[in-house]
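Heads up: the structure comes next, in structure tokens.
The values are calculated or read from the model by the stated rules, or taken from the named source; none is laboratory data. Every value quoted in this text rests on a predicted model; they were computed, and no experiment measured them. Here Cβ is always computed from backbone atoms with ideal geometry, including for glycine, and neighbour counts include all displayed protein chains. Side chains included, ligands, DNA and RNA excluded: accessible areas come from the protein's heavy atoms. Shrake-Rupley method; radii C 1.70, N 1.55, O 1.52, S 1.80 Å.
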Amino acid sequence: MGEAAIDAAQEAAEDGDMAVVDALIAERDQWKDRALRAVADAENIKRRAETQQNDARAYAIQRFAKDLLSVADTLERGLLSAPKDAEGPAAAMVTGLELTQKSLLSAFESNGLTRVAPEPGEAFDPHLHQAVMEQPSDSVPGGTVIQTLQPGYALFGRTVRAAMVAVAAKGSGPSGGAYSEANTTGGNFDAKA
């Protein structure tokens with residue numbers, strides 16, 4: 001408020017004209033509210049920008065990591081086809097491949113890229129797993145993973161590539177599976193309604 005406004009308010013108060021004072025107080029409150037809103041908006045923009053910048057930093061390697069996954073897959077297939085009873089130079093090559101794979105997976109882990117390879121019997125998670133087939137199983141309940149066909153990877157909790165899995169069919173397993181729960185009517189269904 002300017003000096004003139006303060007003088008006018010004082011004169012009006014002395015004259016008994018409180019309407020001017022009330023108007024000035026209302027205007028002051030309005031400007032105060034606008035200032036508080038502007039500060040809150042600035043804080044929200046700052047927080048949003050920091051979040052976006054952190055996300056950009058954290059996931060900048062996502063495309064690069066995705067490209068390296070084919071290298072990791074090829075290395076794993078090479079190790080699976082390597083002779084287990086190799087001797088001499090072949091054994092040294094297999095050992096070298098194993099150390100290379102270990103080093104690559106360690107580099108992935110140190111940069112936040114974790115391997116997702118569910119074990120048999122683990123619950124199917126559509127956020128981390130991709131069911132490529134469903135088959136009956138006597139060993140695991142229905143709706144759970146039977147076998148991991150290709151491991152997946154997640155970068156700081158965000159799925160880069162879903163693990164390809166085989167899932168136990170409905171009614172599988174020793175107790176009928178996760179699908180054969182007692183209450184499968186779809187929740188709180190009232191048949192009397």
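Could you state the accessible area per residue of the range 26-174 in Å², with a 1.4 Å probe and every protein chain left in place?
Using a 1.4 Å probe on heavy atoms only, each residue of the range 26-174 averages 66 Å².
Around residue 26, under 11 Å between beta carbons, what's the net of Lys plus Arg minus Asp minus Glu among the other residues? All intermediate terms of the calculation are to be shown ahead of the outcome.
Working: positive: 28, 32; negative: 22, 27, 29, 33.
Summing Lys/Arg as +1 and Asp/Glu as -1 gives -2.
Roll a 1.4 angstrom probe over the protein heavy atoms and tell me the percent of accessible area of the range 109-179 that is carbon or sulfur.
On the way: 1920 of 3700 Å².
It is 52 percent, rounded to a whole number.
For the pair residue 75 and residue 52, how long in nm is the line joining their label points, each one 7 Å along Cα→Cβ?
Each label point is offset 7 Å from its Cα along the Cβ direction, giving 3.6 nm.
Let's test the formula: R0 of 41 Å, r as the Cβ-Cβ distance of residue 105 and residue 43. What FRET efficiency results, to the nearest 0.05?
Once the sixth-power term is evaluated, E becomes 0.50.
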